[in-house]
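The values are calculated or read from the model by the stated rules, or taken from the named source; none is laboratory data. All of these numbers come straight from a predicted model, not from anything done at the bench. So basically every Cβ, Gly included, is an ideal-geometry build from the backbone, and we count neighbours across all protein chains shown. Quick note on the areas: whole protein, heavy atoms, side chains included, nothing else; ligands and nucleic acids left out. Shrake-Rupley method; radii C 1.70, N 1.55, O 1.52, S 1.80 Å.
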Amino acid sequence: MAKGANHQQRRASKATVLLAWLSMLALIVAASLLAGAGPAYRWELIGLGDAFNFMRNGVYAATAAVGLSVLLLLISIFTRRIGASVVAIFVIVATAALLYMPWQQWQRAQQAPVIHDITTDTQNPPAFVALRAAREAAPNAVDYPGEATAHQQQNAYPNVQPINVTAPKATVLAAAQAEVEASGWQIAAITESTIEATATTHWFGFEDDVIIRLTEQQNGVQVDMRSASRLGASDVGTNALRIETFLDNLGKRLE
């Protein structure tokens, strides 16, 4: 009887150790794939399709880590192995934290329209001049897509609107340039009325082109803006958020 009980305990112990190692391994694989997909593409080690496959496989590995951890947690509860319970809970919590950002991106992708060129003036969008050649070499078109995109933008991002400030044009231009530099964008050209620059996303290194246009009004200056991705059918709301954030910060800078 005692030998049988000891044998069962040893088997349970081996099972919990194996599950603990497998759940940790699955977590490490998931973290490596999810965290490495963007930088690997940005450094031109893999293509965009491979990067998305990395992320997809990372989600699969994370799901496996959670499944193994839940099983480990159940076994540890029945066998009263506190150490195994701690490992299981750690892996579950770490996996949830790891998946939080991809889950947020997925949620945004479901809600965002499939557009990538956003502007505060859909009737007369600011036109790229200095960045025209760079945009012509990219997959997405140089010119604003037109009414269909404008309609989708207005429905999805009604807050993307120009701002009007009561300050001299030169003052607004200087403030806009300072805000562009603070945002870390690479300036391509500055004229008396426009600033063209390129914003690079942190993770994948996607390049989005930005133009700020100043128009003198009777009571000040109207600031319009356009932000357009060079690659991808959908920007997952990135360009609209960039415009809203920039104009809000510019307004505060000019107060």
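Numerical summary
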read-out	value
Residue that is farthest from T122 (Cα to Cα), among those in the stretch 208-255 that are open to solvent by 20 Å² or more (accessible area, probe 1.4 Å) and free of Cβ contacts under 8 Å to residues at least 40 places away in the same chain	E255
Filter result for Q153 (crowded, with 17+ Cβ neighbours inside 10 Å, under 24 Å from the mean Cα position of the chain (by Cα) and either farther than 30 Å from S69 by Cβ or not acidic (D, E) (or both))	yes
For F204: the one exception among (1) touching a Phe, Trp or Tyr at 6+ places or on another chain (Cβ under 7 Å); (2) closer than 20 Å to R230 by Cα; (3) modelled with pLDDT of 95 or more	(3)
Unique residue being at pLDDT 95 or above and more than 18 Å from G184 (Cβ to Cβ) when the list is L254, L231, L214, L247	L214
Residues located in the stretch 32-66, provided they are over 17 Å from the mean Cα position of the chain (by Cα) and under 20 Å from M101 (Cα atoms)	S32, D50, N57, Y60, A61, A62, T63, A64, A65, V66
Selection within the stretch 113-140 - among the aliphatic types (A, V, I, L, M) and touching a residue at least 24 places away in the same chain (Cβ under 8 Å)	V114, I115, I118, A127, V129, A130, L131, A134, A138
One residue from G47, G38 being surrounded by 14 or more Cβ atoms within 10 Å (Cβ to Cβ) and farther than 15 Å from V91 by Cβ	G38
Residues located in the stretch 39-85, provided they are of a type in the set (D, E, K, R) and either at pLDDT 85 or above or more than 24 Å from W203 (Cα to Cα) (or both)	D50, R56, R80, R81
